[in-house]
Amino acid sequence: MPELPEIEVLSRELGKKISGLRVSEVVICREFLLKTPRKILEKKLLGKTVLKLSRRGKYLCLIFDSELILWLHLGMTGQLLWASSRSYDAYAQMALRFENSAEELIFRDIRKFGRICLTNGSPDSMPRGLRELGPEPLELAPDDFTKCFDGRTGRIKSLLLNQKLVAGLGNIYADESLFRAGINPRKRPSGIKREKFLGLHKAVYETLREAILQGGSSIDDFIHTDGSRGGFQNFHRVYGRAGEKCFNCGTIIRRIMLGGRSAHFCPTCQK
Ligand SMILES: [Zn+2]
């Protein structure tokens, strides 16, 4: 599933391609992903200009004039392609065509867990999932990061995945950050020393920054808008490495289930 770094990469890539372009046609191929009715999407976006691209948590934001924001969530298998209409296939969900552009923005999603939503700048127009998003981990000071988990009794891995506490982390970057910080995913915040917790903030920050620089992680479906793959999957130290040796100590990496999600960790390095 695309997480913060993958969406950040798409935001930067697409920002260069579609900022300043005017929408000439809204193509709705299938309506599964629409949280805003098709007619409203078509009517409001037509003729609008993309001012810039942004990101909030795992949402990509296309910011248009008239304070319109198109929120795209890629769910499990969503892809955004900058391509010609020849790239449409059975999984194409929606596309935006632009004036004077041979290429268009195509939202493709095989498993259809993605979401498409249009808001008009007022908080009331935002769905609850968006209104309740926690702070951005790359913008948090160390102390503010630890405060996000004050009074929480859950396991640290599950808490990191809770988008209301901190926005943008998913399974990959939560596992990788906990490994770097030397924290067992089963720990609860009350059992983590302050120094370690500050170390987790640093680990989250560095892991996300490195992943962005590497173009994100391409494991199953994530690709760039030109179809190329990210590179950070080559730097994963625990995620997807169950049964292999820890690069630090040689212990076999374990995969366990926590709160319905998998967690990968080194039992020796992460006490
Ligand atoms: Zn180890």
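The values are calculated or read from the model by the stated rules, or taken from the named source; none is laboratory data. Since this is a predicted model, take the numbers as computed values, not measurements. Neighbour counts are summed over all protein chains in view; Cβ atoms, including those assigned to glycine, are modelled from backbone coordinates with ideal geometry. Keep in mind that these areas ignore ligands, DNA and RNA; they rest on the heavy atoms of the full protein, side chains included. Shrake-Rupley method; radii C 1.70, N 1.55, O 1.52, S 1.80 Å.
Find the relative contact order for the chain and round it to a whole percent, using C-alpha pairs within less than 8 Å whose residues are 6+ positions apart.
The normalised contact order for the chain reaches 19 percent.
Kindly list the residues of region 99-127 that lie in the label zone of Ser54, defined by a backbone N under 18 Å from the point 7 Å along the Cα-to-C-beta vector.
Once the point is set 7 Å along Cα→Cβ of Ser54, 117-127 turn out to lie under 18 Å by backbone N, inside region 99-127.
Rounded to a whole number, what % of the accessible area of the chain do carbon and sulfur atoms account for, probe 1.4 Å?
Using a 1.4 Å probe with all protein chains present, the chain comes out at 48 percent carbon and sulfur.
Name the GluC sites (Glu not before Pro) in region 174-271 that are in a loop by DSSP and that have at most 15 other C-beta atoms within 10 Å, would you?
Glu244
Keeping all protein chains in place, calculate the accessible area per residue for region 185-271 (probe 1.4 angstrom), answer in Å².
Computed with neighbouring chains in place, this is 55 Å² per residue.
Which trypsin sites (Lys or Arg not before Pro) from region 122-185 combine a DSSP loop assignment with at most 16 other Cβ atoms within 10 Å?
Those that pass, being in a loop and sparsely packed, are Arg152, Lys164.
Once the piece of chain linking Asn120 and Ser101 is laid out straight, how much longer is it, given 0.36 nm per residue of separation minus the C-alpha distance between them?
4.3 nm is the gain from fully extending Asn120 to Ser101.
Restricting everything to alpha-carbon atoms, can you work out Rg to Rh for the chain with a Kirkwood hydrodynamic radius?
The Rg/Rh ratio comes out at 1.00.
Taking only protein heavy atoms into account and a 1.4 Å probe, give the accessible area per residue of region 55-101 in Å².
36
Over region 1-156, what relative contact order in percent results from Cα pairs under 8 Å that are six or more residues apart?
Over region 1-156, the number comes to 24 percent.
Loop-only GluC sites (Glu not before Pro) in region 96-156, please: DSSP not H, G, I, E or B, and at most 15 other Cβ atoms within 10 Å.
Answer by residue number: Glu99, Glu132.
Too long at a 22 Å Cα-Cα cut-off: which of Lys17/Lys52; Lys196/Lys245; Lys35/Lys164; Lys16/Lys112; Lys52/Lys157; Lys17/Lys39?
Lys196/Lys245; Lys16/Lys112; Lys52/Lys157; Lys17/Lys39
Just tell me, in residue order, which DSSP H segments of the chain are both 18 angstrom or longer along the helix axis (alpha-carbon based) and at least -0.5 in mean Kyte-Doolittle hydropathy.
Those that pass (Cα extent of 18 Å or more, hydropathy at least -0.5) are 4-18, 194-213.
For Lys196 and Lys16, compute 0.36 nm times the residue count separating them, minus their Cα-Cα distance, and round to one decimal in nm.
Net length gain for the segment: 60.9 nm.
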